[in-house]
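Novice: I am attaching a structure below and will ask some questions about it afterwards.
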Amino acid sequence: MIEIKSVSLVREGQRVLDAIDLSLPKGGITALVGPNGAGKSTLLSLAARLLPLQAGSITIDGLPVSSTPGKVLARKLAILRQDSGPPPRVSVREMVGFGRFPHSGGRMTAEDREMVAQALDRFELTDLASRSLDRLSGGQRQRVMVAMTYAQGSDYILLDEPLNNLDMYHARKLMIELRRLADETGRTIVIVLHDINHAAASADRIIAMKDGRIAADGTPEKIMRTEVLEAIYGFPVEVVDAGGMRLALQYARSGQPRDQARPS
Amino acid sequence: MPEITPTAHRRAIASAGLCLVLLVVLSLGIGVEDLSFSGADGAMPLADLLSISRLPRTLAAVLAGAGLAVAGQIMQTLTRNRFVEPSTAGTAQSAALGILIVTLFLPSADLGLKALVASGCALAGTAVFLATAHRLPPEQPYLVPLFGLVYGGVVGAAVTYVAWQNDLLQYLDIWMNGEFSGVLKGRYELLWIAVLVVAAAIFFADRLTIMALGEAQATSLGLDYRRMTQIGLVLVSVMSALSVVVVGLIPFVGLVVPNLVSRLSGDNLRGTLPQVALGGAILVTGCDILGRLIRFPYEIPVGTVMGVAGPGIFLWFILRERRDA
Ligand SMILES: Nc1ncnc2c1ncn2[C@@H]1O[C@H](COP(=O)(O)OP(=O)(O)OP(=O)(O)O)[C@@H](O)[C@H]1O
Ligand SMILES: [Mg+2]
């Protein structure tokens, strides 16, 4: 269980997180949504001890992130950050292998290699395994980073906008794989998404953040309503029922009344 | 770039090793005195000439080259910037300041004490550089080497001023211009510590590779980033200080070699660090040989040769790669 208790954070004089209380039980997929600058990445970074806590506490299975040894935490929790920096000149296989570092310390065992092969396979990277990371497309690189995070083999996986740069096929494929991971291996997955429909389709719970606070929290059925989405995003989002699935139609469409996108 | 397999690394290491052996043999054979077995006409006997002068000189070049290239690689990992090395980050200049202080206050100090104080000063100077470099905006990677040049320049100017005030400019010249002609048996042995530096770097290779992914990524993989930074700082400072104390500053090795190896063999240091060490040894030994041959029987200091050859090789390599791309 990830337990976040009255966490606040001020950055450059600006309140970025405001007394966040959140408890994420083990298992399942939780989607974190909300406008740009809402504090989603900041919250994940705090949970993954990449930023120091200023106020409040965060524990992972009872282990406080602020005082647990880095190595112990690295086996419990893996994070994919929104921005992973310039790619090093290493092969895809090597990069995914770095995910095993908390277990192998660099000396890969047969088990580590097996896990890497499995990660490559799961995210359809086997054909790219020998390619150098700095010669891949943005989406291919993103999938490598996801595979590396997965290879870490932790119970908790935090993914900050993993669908960035992914095409329709791979975005769908990733969500399916995450669902399988959660269902078959009991991993706890927290995923930041901007595509609310992906969140509604795959997540068990959607948490919306706005201005450093939790704006809404509930099952997809509860969140996928025009008035709830409007409170989060500031414009009326039409929600339709499509084959038993709630679908938000946030798109700008030509030939439709413009008032959809801007209230009066 | 095709995948760099362990086999490719081994092949690169083997050919670099062979190249180094050839250069070492060449280096042992070059000198004003002809190698002759007779030792007639008052010439130094072969064995003595080799063991007192040529061998120490060659070993010094190999050790300093390997150590400095590895130090450059570590420096680039610590700053996450490919364009810094100890001589452009104030490390070497701080080391010179250390030697100057010892020379001023304890003129009778031996090389070991000088090296120790120089290492301490290099450590402090580099820590200041690193702390500042980490505050520079990462979107502008050229600020780090630029700041390093300015910072090194300021420390260097302070050293020159103090040396000038105390009539020590001629010593300063020795420290700031790498040269192997003065290397004799009994005057270079401290450089063997370079072997320890290289060995330690290879021992930490996996951790350094992870470190190069950035503080956040390294931390989330469970690496103690601060601790590794401290270890890296010590390795870089000790190596730079040793080199300045024993043979003087040799620029560019730490910059050119890691960049070439990265382009040829990638960034997984487990495979590439031995290549970096060998490459550094080859470059410095090669430049020393050149310096002895160009105006034979006179010598050009290795620092000067490197000042021309280093950037030259670097440019050639970058331009060649652009044409291929
Ligand atoms: N390094 C930083 N220094 C100062 N303020 C920052 C920094 N990073 C983010 N912030 C601020 O913190 C707030 C929250 O940022 P955060 O990155 O958590 O938002 P987010 O919800 O992840 O947004 P996005 O959807 O755009 O990724 C923003 O107002 C941002 O300006
Ligand atoms: Mg974000």
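Novice: Assuming 0.36 nm per residue, please report the length gained on full extension of the stretch A:GLN54 to A:ASP18 beyond their Cα-Cα distance.
Specialist: Extending this stretch completely gives an extra 11.8 nm.
Novice: With a probe of 1.4 Å, find how much accessible area the protein assembly as shown has per residue, and write the answer as a whole number in Å².
Specialist: Accessible surface, normalised per residue, equals 46 Å².
Novice: If contacts are Cα pairs under 8 angstrom and at least 6 residues apart, what is the relative contact order of chain A in percent?
Specialist: 23 percent
Novice: May I pose another question? What does the charge count around B:PRO141 come to, taking other residues whose C-beta lies under 13 Å from its C-beta (Lys +1, Arg +1, Asp -1, Glu -1)?
Specialist: +1
Novice: Please list the non-local residues whose amide H lies under 5 Å from the amide H of A:VAL192, H modeled 1.01 Å from N, same-chain partners needing a gap of 5 or more.
Specialist: A:LEU32, A:LEU159, A:ASP160, A:GLU161
Novice: Heads up, I need the accessible area for B:HIS134: 1.4 angstrom probe, whole protein in place, Å², nearest 10.
Specialist: 100 Å²
Novice: Separate question: Place a +1 charge on the Cβ of each Lys and Arg in the protein assembly as shown and a -1 charge on the Cβ of each Asp and Glu, then give the dipole magnitude about the Cα centre in debye, rounded to the nearest 20.
Specialist: 480 debye
Novice: In angstroms, what radius of gyration and Dmax does chain B have, counting Cα atoms only?
Specialist: Rg, Dmax (Cα atoms, Å): 19.8, 70.
Novice: Under a 1.4 angstrom probe, counting protein chains only, how are A:GLU3, A:GLU184 ranked by accessible area, largest first?
Specialist: A:GLU184, A:GLU3
Novice: Still on this structure: Can you list the lysines whose alpha carbon is less than 20 Å from that of A:LYS76, not counting same-chain residues fewer than 8 positions off?
Specialist: A:LYS5, A:LYS26
Novice: So what are the ³J(HN,Hα) numbers for region A:64-69, from phi and the Karplus equation (6.51, -1.76, 1.60; θ = phi - 60°), rounded to whole Hz, Gly and Pro as x?
Specialist: x, 5, 6, 10, 7, x
Novice: Follow-up. Taking 30 Å² as the minimum loss, tell me which residues in region B:190-221 lose that much accessible area going from the chain by itself to the full protein complex (1.4 Å probe).
Specialist: By number: B:ASP206, B:ILE210, B:LEU213, B:ALA216, B:GLN217, B:THR219, B:SER220, B:LEU221.
Novice: For a test of the definition: using alpha carbon positions, the gyration tensor, and the 1.5 limit on a/c, classify region B:89-185 as rounded, prolate or oblate.
Specialist: Prolate, because a/c is 1.5 or more and a/b exceeds b/c.
Novice: If you don't mind, there's one more thing I want to ask. Would you kindly derive the ³J(HN,Hα) couplings of region B:248-261 from the backbone phi angles with the Karplus curve 6.51 cos²θ - 1.76 cosθ + 1.60 (θ = phi - 60°), listing them in order in whole Hz, with x for Gly and Pro?
Specialist: My calculation for region B:248-261 gives x, 6, 10, x, 6, 4, x, 8, 5, 5, x, 5, 5, 5 Hz in order.
Novice: Just order B:75-86, B:232-243, A:73-84 by mean Cβ neighbour count inside 10 Å, highest at the front, would you?
Specialist: Peptide ranking by packing, descending: B:232-243, B:75-86, A:73-84.
Novice: Ok, one more. Which cross-chain or sequence-distant (5 or more) residues have an amide H under 5 Å from the amide H of A:GLY28, H modelled 1.01 Å from N in plane?
Specialist: Result for A:GLY28 returns A:ILE189.
Novice: Tell me, what is the 1.4 Å probe accessible area of B:TYR171, in Å² to the nearest 10?
Specialist: Approximately 100 Å² of B:TYR171 is accessible to the 1.4 Å probe.
Novice: How much of the accessible area of region B:237-289, probe 1.4 Å, is carbon plus sulfur, in whole percent?
Specialist: 70 percent
Novice: List the accessible area buried at the contact between B and A, summed over both sides and calculated with a 1.4 Å probe, in Å² to the nearest 100.
Specialist: 2200 Å²
Novice: Mind ranking A:ILE60, B:ILE4, A:ILE214 by accessible surface for me, highest first, 1.4 Å probe?
Specialist: My answer, sorted largest first, is A:ILE214, B:ILE4, A:ILE60.
Novice: Any idea which of A:ALA201, A:GLY62, A:SER91 is furthest toward the positive side of the dipole for chain A, if Lys and Arg beta-carbons carry +1 and Asp and Glu beta-carbons -1?
Specialist: Result: A:SER91.
Novice: How large is ³J(HN,Hα), in whole Hz, for each residue of region A:104-110 in order, when computed from phi with the Karplus curve 6.51 cos²θ - 1.76 cosθ + 1.60 and θ = phi - 60°, using x for Gly and Pro?
Specialist: So the J values, rounded to whole Hz, are 8, x, x, 8, 6, 8, 4.
Novice: Let me make sure I get this right: for chain A, a, b and c are the square roots of the gyration tensor eigenvalues over alpha carbons, sorted descending. Under 1.5 in a/c it's rounded, otherwise prolate if a/b > b/c, else oblate. Which is it?
Specialist: oblate
Novice: Give me, ordered by chain and number, the residues 5 or more places off A:ALA216 or on other chains with an amide H under 5 Å from its own placed amide H.
Specialist: A:ALA208
Novice: Label region B:200-325 by shape, choosing from rounded, prolate and oblate, from the square roots a ≥ b ≥ c of the eigenvalues of the Cα gyration tensor; if a/c is under 1.5 it is rounded, and otherwise prolate applies when a/b is larger than b/c, oblate when it is not.
Specialist: Taking the square roots of the gyration eigenvalues as a ≥ b ≥ c, region B:200-325 is oblate.
The values are calculated or read from the model by the stated rules, or taken from the named source; none is laboratory data. Computed from a predicted structure; not experimentally measured. So basically every Cβ, Gly included, is an ideal-geometry build from the backbone, and we count neighbours across all protein chains shown. Side chains are part of the model used for accessible areas, which takes the heavy atoms of the whole protein and leaves out ligands, DNA and RNA. Shrake-Rupley method; radii C 1.70, N 1.55, O 1.52, S 1.80 Å.
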